[in-house]
Amino acid sequence: MMTTMTRLLRLAVILLVAAPRFLFAQERGAIALGEAVAGLDVTGRVLLIGAHPDDEDTQLLTWLARGRQVETAYLSLTRGDGGQNLIGNELGPFLGMIRTEELLAARRLDGGRQFFTRAYDFGFSKTAEETYTHWPKDSILKDVVTVVRAFRPQVIVAVFSGTPRDGHGHHQVSGMLAREVFDAAADTVRFPTRATLGLGPWSPAKFYRAARFNPAEATLAFNVGELSALRGRTYAEIASESRSQHLSQGFGVLQRRGTSMDYLTLEAVHGGGVKRSEVAPLDGIDAGWTRFAAAALADSGRAALDSLPAAIAEVRRVENLMAPASMVAPLARVVRLATSARAAARCGDGYACAPLAAGADPATGDLVAALETALRRAKSALLAAAGVFVEATAPRELLATEDTLPVTIALYNQGHADVALESGRVWATAGVPGDAAGPGTVPADSAGRLTVPLVAPIVAIPWWLARGRLVDVFVPPAAGSRAAENIALGEERISDTHATATVRVAGVSFVTDVGAIVYRYADPARGERRRPVAPVPSINMTLDDEVQYARAGVPFDRVYGVHLRSATSSARSVSVTLELPTGLTADSVVRRAALEPFGSVTLAFRVRGSLRPGRYIINATATSGRETFRTGYVPVNYEHIGPLRYYRPAIVQIEAVEAALPRNATIAYIPGVGDNVAPMLSQLGARVTLVAPEQLEGTDLSRYGAVVVGPRAFAASSVLVTQAKRLQDFARAGGTVVVQYGQQEMQTPGILPYPVTLARTAQRVTDELAPVRVLAPGDPLLTSPNRIGASDFEHWVQERAVYMPSSFDPRYRAPLEMHDPGEPSNNGAVLVAPFGKGAYVYTTLALFRQLPAGVPGAARIFLNLLAADGRRGSSPGAQP
């Protein structure tokens, strides 16, 4: 027997390489115990389907998962890659990583699980038809079928209606696919089991649509403002905190208190008529253990399954969350019975028991999924009742290829039960699990360390980014690989490293999921910090930029810093070379450096020459011993999500543009959100000074030829709004003001010198190939210093213009017209007004996307905007 003194049992193992596996955070104390016990006999599952991060109904998720202990999940078709970013400059797949982590942070609060398809968010789409030109329907529907067959929900809830009233084409498609998968998941002719990771058919019982915005159509209403006695908060409060994790989209909200209603509309059922009187989505569905009474099991498994309800009832009979010692033995019996039943259902031990293990048999798959959930809850409750905490830690955060890392699995027994740590397993990205079996009991002062053979890991690149995209769908991992299963496992179960431990509590041995291996350290200003261990290259090599501009035919003279960082415990000698295009030469063919263990260094190359118009590539290559390195990662850290590493090749793409600068190319740039424009203007030869909104009042603007305001800057800064008159005074005195797009805030009187109006549904040109009509070829804005023509609108990315005014004051000139196919014309993409001695420009062109992508015409257009002056052109004025 263990003494009442807390004991530390240590099992040290060398970190091995394996496929990403399940990830569940350990909750502790009365909350973990109470909610887990409440859900022991709840076997129902509900799946919500939407298009993006932030589409999910967090109120419904929280009410079901935290309030009713229903296994609830959200399937987002995309990761939000094509959106905008209010907290940083990351866009595209980089932003998709951030929004993925924001969804996972939200799920940790509301208790749901998280799935994705392979669809890439290519930006705003106006119709389902347009969306399907980017996403092959059968490919995305197959992903949705795979998730449904893996999760096996009794209920599917579509967030959107699947009609044009959803607005965004992605929303429409998600509503359409949600309804289609309700039937298609059972169709093994259209979707054979081999096409969905061997998963067999599944037929959900009910299909609902969310009715938050049209409660008159709802068939089901429920109060998510109920109080959770365990958490001391309402489910609406928890849901508000969950939604506030979407900070990159500016969705921080107040927590809602009091009555708060949510609504669903029952649209279809399998095996019966539509019932109009309900109090919960699982009404009429057997969501307990009795529905498995006819399941085909061996005698031992049948006996265990039949005994499970009585064992759960005994746990409830002795339940005491404040003094839970009496619950330990009954909970241990529940774990033992559920484990026996699972084994009889042809499901392996430990994490190998995933829904994927059930194969093509729907009944067995349903039982396996229910037992997996019950076991997770029972184990969590047992550890909480026994006062046991298990963690896996490592002495540093980064694990290099070809290196080793000792991992300590520690069990803390803070209760009174008979507890022992028997063995442990650790994984890293790609490879095989490593096992270490130790003594049944290891005293706190005993070494108790075991090692296993090392298998070097590969770099931990997010699985959906590892193979790139085909059109706007991520290429799946290789068939047969463990990573191929990730789409069905759920994103919250995937981590770069992982550990499990076999523990014995009250005479019952079981495998518990420890979660990610973490590096713990003390920050004097913030206390304990925990960062998950990640496999990285032995040498991380990056350049500052991915894309740069240069002016063609102009002398080129730049210094490129090649940043090297070692992740190994030994010193290394490194040689770096640059591969340059014709027309450029470096001041050194090779540079060498000695990297200290875990050290870093920057090697600088001065590159000179001249380039003709076109796109060129500079490649950096590092060699150390027999290894060659051509990639690296950019770290990203935000407090509300886990650490991220965005991998990219060590190359710079240079777009050489035939472009002339304005006479006074000295610019004060006020950054906006998701804004990478200023560095690109500098590369074109403009002299750019960044000026924060708070600095604007004290800045002498007379030194500048133009002031540029970044995208959505007025929405992001109330200080800038108060300084709008100062910008107008600068134009009145002879300067040029260029304001990039905003949203509804641009209608606020005083922000712009003359009013504009935005329609309630903002007009956008989402087709990057949409024709652009020049209304006034002789307008100075299109002729000086660069003559703008049709070729300047070639090779644009994602979209042409966003949030275009539907009407504007006649004092603005509007030299361009553009619109999406089938829509009314709009000439609000570029507005310029003479103002005093200078000019004021407002543009909704998506230049914030085009310049970082190196689009040559966008650079020429922006330089012309900087040169706008008070001359009146011949272009049309106000748009009706």
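Here is the figure for the range 476-516: residues that are open to solvent by 10 Å² or more (accessible area, probe 1.4 Å), in contact (Cβ under 8 Å) with a residue 12 or more places away in the chain and aliphatic (A, V, I, L, M) total 9.
Within the range 260-279, restricting attention to residues that are of a type outside the set (D, E, K, R) and modelled with pLDDT under 90, the residue that is surrounded by the most Cβ atoms within 10 Å (Cβ to Cβ) is Val274.
Residue by residue, here is whether (1) at pLDDT 95 or above; (2) among the basic types (Lys, Arg); (3) farther than 25 Å from Ser203 by Cα holds:
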position	(1), (2), (3)
Gly39	yes, no, no
Leu47	yes, no, no
Leu61	yes, no, no
Ala65	yes, no, no
Val70	yes, no, no
Gly82	no, no, yes
Ile87	no, no, yes
Glu90	no, no, yes
Leu103	yes, no, yes
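Taken together, the residues in the range 773-788 that are crowded, with 21+ Cβ neighbours inside 10 Å and not in a loop (DSSP other than H, G, I, E, B) amount to 3.
Residue under question is Arg760, and the condition is that it be closer than 28 Å to Gly167 by Cβ, open to solvent by 60 Å² or more (accessible area, probe 1.4 Å) and assigned to a strand (DSSP E or B); does it hold?
The answer is no for Arg760.
Every condition in (1) in contact with a strand residue (DSSP E or B) (Cβ under 8 Å, 6 or more places away or on another chain); (2) open to solvent by 60 Å² or more (accessible area, probe 1.4 Å) holds for Thr582 except the one numbered (1).
Tell me, yes or no, whether the range 243-262 has at least one residue that is within 20 Å of Leu47 (Cα to Cα) and in a helix (DSSP H, G or I). Checked against the condition, which is being within 20 Å of Leu47 (Cα to Cα) and in a helix (DSSP H, G or I), the range 243-262 yields at least one hit. Filtering the range 77-112 to residues that are open to solvent by less than 20 Å² (accessible area, probe 1.4 Å) and either over 14 Å from His246 (Cα atoms) or part of a loop (DSSP other than H, G, I, E, B) (or both) leaves Leu77, Thr78, Arg79, Gly80, Asp81, Gly82, Gly83, Asn85, Gly88, Gly92, Gly112. Within the range 150-180, the set of residues being among the basic types (Lys, Arg) and under 26 Å from Glu278 (Cα atoms) comprises Arg152, Arg179. Please specify each residue of the range 223-247 satisfying the condition of being of a type in the set (A, V, I, L, M, F, W, C), out of contact with any His (no Cβ under 8 Å at 6 or more places or on another chain) and open to solvent by 10 Å² or more (accessible area, probe 1.4 Å). Within the range 223-247, Leu227, Ala229, Leu230 meet the criteria. Give the residue that is least open to solvent (accessible area, probe 1.4 Å), with candidates limited to residues of the range 119-133 that are over 20 Å from the mean Cα position of the chain (by Cα) and of a type outside the set (Ser, Thr, Tyr). Checking each candidate, the answer is Ala128. With the condition kept exactly as written, say whether any residue in the range 557-566 is over 30 Å from Glu658 (Cβ atoms), part of a strand (DSSP E or B) and without any contact (Cβ under 8 Å) to a residue 24 or more places away in the chain. No: zero hits. The condition of being touching a helix residue (DSSP H, G or I) at 6+ places or on another chain (Cβ under 6 Å) and either farther than 16 Å from Phe862 by Cβ or not in a loop (DSSP other than H, G, I, E, B) (or both) holds for only one of Tyr840, Tyr803, that being Tyr840. The one condition from (1) open to solvent by less than 30 Å² (accessible area, probe 1.4 Å); (2) under 17 Å from Leu845 (Cα atoms) that Gln743 does not meet is (1). Of the set (1) crowded, with 22+ Cβ neighbours inside 10 Å; (2) touching a Lys or Arg at 6+ places or on another chain (Cβ under 8 Å), all apply to Gly828 but (2). Scan the range 520-546 residue by residue and report those that are surrounded by fewer than 19 Cβ atoms within 10 Å (Cβ to Cβ) and not in a loop (DSSP other than H, G, I, E, B). Answer for the range 520-546, where residues must be surrounded by fewer than 19 Cβ atoms within 10 Å (Cβ to Cβ) and not in a loop (DSSP other than H, G, I, E, B): Arg520, Tyr521, Ala522, Asp523, Gly527, Glu528, Arg529, Arg530, Arg531.
The values are calculated or read from the model by the stated rules, or taken from the named source; none is laboratory data. Keep in mind that this is a model prediction, so the values were computed, not measured. All Cβ positions, even for glycine, are placed from backbone atoms using ideal geometry, and neighbour counts span all protein chains on display. Just so you know, the surface numbers come from the protein's heavy atoms only, side chains and all, with ligands and any DNA or RNA stripped out. Shrake-Rupley method; radii C 1.70, N 1.55, O 1.52, S 1.80 Å.
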